[in-house]
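As structure tokens, the structure follows; a few thoughts come after it.
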Amino acid sequence: MVDKDQIIKEIEELPEDLTKKVLNYIKYLKKVDKSKESLDLVLVSESSLKKDWLKHEEEDVWSDL
């Protein structure tokens with residue numbers, strides 16, 4: 001497991017410009033992780049929703065598009 005105190009110590013020793021880069025990278029990682037969670041949810045729900053998508057009634061409703 002990562003020692004957060006060690007990470008904090010390393011960050012505290014960085015010059016200001018690198019600290020800003022670290023913050024931007026942390027924000028990026030959080031955003032990517034959130035996107036991955038959203039994608040996982042979409043993939044999991046696909047098999048369930050597919051049952052309705054493949055119904056003949058659905059084809060009729062969307063056929064004019």
Tell me, which helices (runs of 4 or more DSSP H) lie completely within the chain with 1 or more residues that are without any contact (Cβ under 8 Å) to a residue 40 or more places away in the chain and under 18 Å from the mean Cα position of the chain (by Cα)? 16-53
Could you list all residues from region 39-63 that are surrounded by 10 or more Cβ atoms within 10 Å (Cβ to Cβ) and either of a type in the set (S, T, Y) or in contact with a Leu (Cβ under 8 Å, 6 or more places away or on another chain) (or both)? S45
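Each value in this text was obtained by applying a stated rule to the coordinates, not by laboratory testing. If you're wondering where the values come from, they're calculated on a predicted model, not measured in any experiment. Every residue, glycine among them, receives a Cβ derived from its backbone with ideal geometry; neighbour counts consider all protein chains shown.
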